[in-house]
1. Could you report the chain's accessible area per residue, 1.4 Å probe, as an integer in Å²?
2. Nearest 10 degrees, 0 to 90: what angle lies between the long axis of helix 14-25 and the longest principal axis of the chain (Cα atoms)?
3. Give me a comma-separated list of calculated 3J(HN,Hα) values for the stretch 147-161, in order, Karplus coefficients 6.51, -1.76, 1.60 applied at θ = phi - 60°, integers in Hz, x for any Gly or Pro.
4. Could you pull out the pairs from 185/255; 248/305; 218/329 whose alpha carbons sit more than 20 Å apart here?
5. Please list, in chain and number order, the residues 5+ apart from residue 272 or on another chain whose amide H is under 5 Å from its amide H, with Hs placed from the backbone.
6. Going by amide H atoms built from the backbone, whose H comes under 5 Å of the H on residue 292, apart from near neighbours?
7. Mind telling me which of 335, 27, 82 comes out most flexible in a GNM of the chain, alpha-carbon contacts under 10 Å?
8. At 222 nm, what value in deg cm²/dmol follows for the chain if DSSP H runs of at least 4 each add -39500 (n - 2.57) and the sum is divided by all its residues, to the nearest 500?
Amino acid sequence: MSCSLEQTLGDLNTQNFVTLLTKLIGESKYVQNNPPELIPEEDRIVNHVLESLLPLSTTTGGGPLIVNHVTYVSKRGNLIVEYPGTQPDKILSFVGMHMDVVPANPIDWNFDPFSLSTEGDQLRGRGTTDCLGHVALVAELMRRLGETKPKLKSTVVAVFISSEENSSIPGVGVDALVKQGLLNKLKQGPLYWIDTADKQPCIGTGGVIPWKLHVTGKLFHSGLPHKAINPLELAMEALKVIQLRFYKDFPPHPKEELYGFATPSTMKPTQWSYPGGGNNQIPGECAVSGDVRLTPFYDISDVMKKLQEYVEELNTNIEKIDGRGPVSKYVLPDENLRGRIEISFDDAYPGVACNLDSRGFHVLCKATEKVVGHVKPYSITGSLPLIRDLQDEGFDVQTSGYGLMATYHAKNEYCLLSDMCQGYKVFVNVIDQLED
């Protein structure tokens, strides 16, 4: 790294960072995202970031930062902050620092989730890892650029977004910014999505297919099981067949090793429901729900088509499905009754495989190795649906983050100040490398 940029921007100003983060975590109660009960007011976060950056902006005449507060839904703004470079075609961006959080129940926590507390290196509270810690970190980077005014060829853009944790209300955050063309110029350089964890490049994520099996049997007294069709047994046996066929048709993909995926594609149940009734009743129906987590090397629609085929074949051959004991069966010929399985899907979205040939990726790896001491890109079948949309729109998306995977969406969430300090150095190094 050229001494000049490293010296100009220095290390993370931890006092400023913690002061801003304290204000942000103090708002976390009001930016919980779980509609319809909890609708965040991200402008509460925007206002604190503006308080830090506006004095160094063209808006006030106090500095070079170009600040654009973009709102599509009342109280739920996004913030685009630009530090102009000298060459119009050179640009890099930090995007994805979202200003909403997942809900937290204070009863379940060992400390107050809605106020920042510290213990040694730990910064504790809802949003410290995901993602208000990153909001404060990138805001501090932009503040330093505005304050020190280094002469850069590249324009550096930060995009703080709303509505990342729940997409049930569309047209609020990055989807609307892209639709309006406000991020188009970011396609000219790498876009770093800063919303992962553990200080290493995350190069792959999973697609998600939420599914539900609805199984119909025949309700009857459990003392006369030969007169019933037990939907619970049918669901268990049918699901076993469906899972075995899924793993045969969608085995571990050769590219998963290259990308370092922690797991291959999986299909499993996560929820079970039935209408209720007495313990001495075989119910008439039940439902099993779950998801497919799909590595990005398989096609979502292919999988959905296959799952539908498995179910149709099971229905056609329902008498051949394994029973559970001498009177367990799924057809009652005398009554002309057959058990039935139906599968339905909620909104599915594909995973992401970052471009490993991209200059943006190589620069991030080099910066990580220099600052953190080693680089080990990883992939998980957790999902980041918004970044696939960006990739499909033509953005070179790379992802990283400086919180802790172990506390992501968890009770007692915290991040480490030392990790955030390293994150700041990685950003400075990335900017510097891309000057060449």
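1. Value returned for the chain: 43 Å² of accessible area per residue.
2. That works out to roughly 40 degrees.
3. With the stated coefficients, the stretch 147-161 comes to 7, 8, 6, x, 7, 10, 6, 7, 7, 10, 10, 10, 10, 8, 10 Hz.
4. Beyond 20 Å between Cα atoms: 185/255.
5. For residue 272, the qualifying residues are 289.
6. Long-range HN contacts for residue 292: 209, 211.
7. 335
8. Mean residue ellipticity at 222 nm (helix-derived): -9500 deg cm²/dmol.
The values are calculated or read from the model by the stated rules, or taken from the named source; none is laboratory data. Quick caveat: nothing in here was measured; it's all calculated off a predicted structure. So basically every Cβ, Gly included, is an ideal-geometry build from the backbone, and we count neighbours across all protein chains shown. Ligands, DNA and RNA are excluded from the accessible area calculation, which covers all protein heavy atoms including side chains. Shrake-Rupley method; radii C 1.70, N 1.55, O 1.52, S 1.80 Å.
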